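S.K.: Structure provided below as structure tokens; questions to follow.
The values are calculated or read from the model by the stated rules, or taken from the named source; none is laboratory data. This structure is a prediction, so every number in the text was calculated from the model and none was measured. We place every Cβ from the backbone using ideal geometry, glycine too, and count neighbours over all the protein chains shown. Just the protein is used for accessible areas: all its heavy atoms, side chains included, with ligands, DNA and RNA removed. Shrake-Rupley method; radii C 1.70, N 1.55, O 1.52, S 1.80 Å.
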Amino acid sequence: MSENNVTGTGSAGRIVLVTTSHRVAPGLLSWTAWHTLRTADRVLCADPDHPQLPYLREAGVEVEIATPDARELVGGAAGRTVVVLAQGEGESPLTDGLARLAGSGRTTMPDLELLPASYDLPGARLLDLVQVMDRIRLDCPWSSQRTHRDLAKYGIEEAYELVEAIEDGDRDELREELGDVLLQVVFHARIAEEDESAPFSVDDVAAGIVAKLVHRHPHVFGDATATTPEDVRELWLRTKAEEKRRDSVTDGVPLGQPGLALAAKLASRVRSRGLDVPLPTGDDLGYALLAMAVRAEAEGTDPEAALRAAARAYRDAIRVAEHAEQGRGTEHAVDAEQGRGTGADG
């Protein structure tokens, strides 16, 4: 069965399988679907709790709760239009049976149509994630007890794993790690719904970031002009400053981030404001690292990423050395065994 009509004898009738998405509010069907449902001779549905039924009945569409097999359906469609409202999990037994009848060549088949009445929009699967998270929060003994503080360490771990997947260039790993980061967002938002003094939901989180993005992109959503990446950065910084109204360029810089990243972020803030701030000096190694991080940032290099790359090269060298050491250990064991064997023979 496909979305295209399967040509059949006109007197054999017409069978239309109407599918809907549970991610779209019930009743929001296409005009074609509503017209087909209202003008059909029969509308059948196997699920008495189908979410569309109250809306169809309110619109005057009579729905029969029935589960006909393929042969019964074909026989009852002669000279008529019969609509089958598909269940959420589909109608595989029915469609398989219709396919067998059509393939046998021994049955005069009605026209068969597949009519999607509602479609998933981009991002619709996020609704599934919200529903699954809600169920887990309610029913899982571990998840139901977690707090924001409990989950804080996982947010850091997942962010680092995401960065590693990006640096490795592993597309499958990247997709999985993005999902893990997204889970942290949805989990925290679900916990936040239960706060008695200041609750908020994942919708509030999404609404906030949408408003922020629109405000910080006046060249996209407004009448501002930005033709280069530098222009965009300037607009971003200006609108951000208007939003935050901070007393210092250091406000909002998280001090708990890795040291090299912290130093580079501070240097970026100083440079963006055009401030002349001499670097502090001292005999401690930290001051030397600070100077290197500031220099890297000025040259357009992420010092944290650069150090990770060097550390990964160091890790590879360690593994090579370990492999070589294991090889030497095996050789020594073989030599010792051979030595014992020679002594015994003597």
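S.K.: Here are some conditions: (1) modelled with pLDDT of 95 or more; (2) more than 13 Å from the chain's Cα centre (by Cα). Residue 182 meets all but one. Which one does it not meet?
M.R.: Here residue 182 meets the rest and fails (2).
So that you can scan it fast, the table gives a plain yes or no per residue for (1) outside any helix (DSSP H, G or I); (2) under 28 Å from residue 26 (Cβ atoms); (3) of a type outside the set (Phe, Trp, Tyr):
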{"residue": "83", "(1), (2), (3)": "yes, yes, yes"}
{"residue": "109", "(1), (2), (3)": "yes, no, yes"}
{"residue": "138", "(1), (2), (3)": "no, yes, yes"}
{"residue": "176", "(1), (2), (3)": "no, no, yes"}
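S.K.: Which residue pairs have Cβ atoms closer than 8 Å, lie 6 or more positions apart in sequence or on different chains, and pair a first residue in segment 202-231 that is touching a residue at least 12 places away in the same chain (Cβ under 8 Å) with a second residue that is not in a helix (DSSP H, G or I)?
M.R.: Taking only residues 6 or more apart or on different chains, the pairs are 218/224; 219/225; 219/226; 231/225.
S.K.: Would you check which residues across segment 95-115 are open to solvent by 20 Å² or more (accessible area, probe 1.4 Å) and not hydroxyl-bearing (Ser, Thr, Tyr) and list them? Give the steps one after another, and end with the answer.
M.R.: First pass over segment 95-115, keeping only residues open to solvent by 20 Å² or more (accessible area, probe 1.4 Å): 95-96, 99-100, 102-109, 111, 113-115.
Hits for segment 95-115 are 96, 99, 100, 102, 103, 105, 106, 109, 111, 113, 114, 115.
S.K.: Would you point out the residue of segment 53-70, among those that are assigned to a loop (DSSP other than H, G, I, E, B) and in contact with a Cys (Cβ under 8 Å, 6 or more places away or on another chain), that is most open to solvent (accessible area, probe 1.4 Å)? Before you say what the answer is, go through the steps one by one.
M.R.: As a first pass, look at segment 53-70 and keep what is assigned to a loop (DSSP other than H, G, I, E, B): 59-63, 66-69.
Within this subset, residues satisfying the condition of being in contact with a Cys (Cβ under 8 Å, 6 or more places away or on another chain) are 63, 66.
Details: 63: 18, 66: 33 Å².
So the residue we want is 66.
S.K.: Among the residues of segment 116-146 satisfying the criterion of being more than 18 Å from the chain's Cα centre (by Cα) and open to solvent by less than 60 Å² (accessible area, probe 1.4 Å), which is farthest from residue 14 (Cα to Cα)?
M.R.: Per the stated criteria, the residue is 146.
S.K.: Can you find a residue in segment 249-257 that is on the phi > 0 side of the Ramachandran plot and under 31 Å from the mean Cα position of the chain (by Cα)?
M.R.: Of all residues in segment 249-257, those on the phi > 0 side of the Ramachandran plot come to 252.
Next, from what is left, pick out any that are under 31 Å from the mean Cα position of the chain (by Cα): 252.
Yes; the residues of segment 249-257 include at least one that is on the phi > 0 side of the Ramachandran plot and under 31 Å from the mean Cα position of the chain (by Cα).
S.K.: Out of the residues in segment 176-194 that are open to solvent by 70 Å² or more (accessible area, probe 1.4 Å) and acidic (Asp, Glu), state the one that is farthest from residue 143 (Cα to Cα).
M.R.: 176
S.K.: Quick test for you: out of 281, 239, pick the one residue that is modelled with pLDDT of 90 or more and among the β-branched types (Val, Ile, Thr). Please lay out each step first, then the result.
M.R.: Values: 239 fails: modelled with pLDDT of 90 or more.
Exactly one of 281, 239 is modelled with pLDDT of 90 or more and among the β-branched types (Val, Ile, Thr), namely 281.
Residues are listed down the side, and each one gets a yes or a no for (1) under 30 Å from residue 308 (Cα atoms); (2) in contact (Cβ under 8 Å) with a residue 60 or more places away in the chain:
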position: 88; (1), (2): no, yes
position: 103; (1), (2): no, no
position: 124; (1), (2): no, yes
position: 132; (1), (2): no, no
position: 142; (1), (2): no, no
position: 147; (1), (2): no, no
position: 155; (1), (2): yes, no
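S.K.: Run residue 73 past the list (1) of a type in the set (A, V, I, L, M, F, W, C); (2) in contact (Cβ under 8 Å) with a residue 24 or more places away in the chain; (3) surrounded by fewer than 17 Cβ atoms within 10 Å (Cβ to Cβ) and report the number of the one that doesn't hold.
M.R.: Failing condition for residue 73: (3).
S.K.: While we're on this one: Under 6 Å between Cβ atoms, at least 6 apart or on separate chains: pull out the pairs that start in segment 10-38 with a residue that is on the phi > 0 side of the Ramachandran plot and end on any residue that is modelled with pLDDT under 95 and surrounded by 21 or more Cβ atoms within 10 Å (Cβ to Cβ).
M.R.: Cβ pairs passing all conditions: 13/77; 13/110.
S.K.: Determine whether residue 173 is open to solvent by 40 Å² or more (accessible area, probe 1.4 Å), on the phi < 0 side of the Ramachandran plot and in contact with a Phe, Trp or Tyr (Cβ under 9 Å, 6 or more places away or on another chain).
M.R.: Numbers: open to solvent by 40 Å² or more (accessible area, probe 1.4 Å): yes; on the phi < 0 side of the Ramachandran plot: yes; in contact with a Phe, Trp or Tyr (Cβ under 9 Å, 6 or more places away or on another chain): no.
No.
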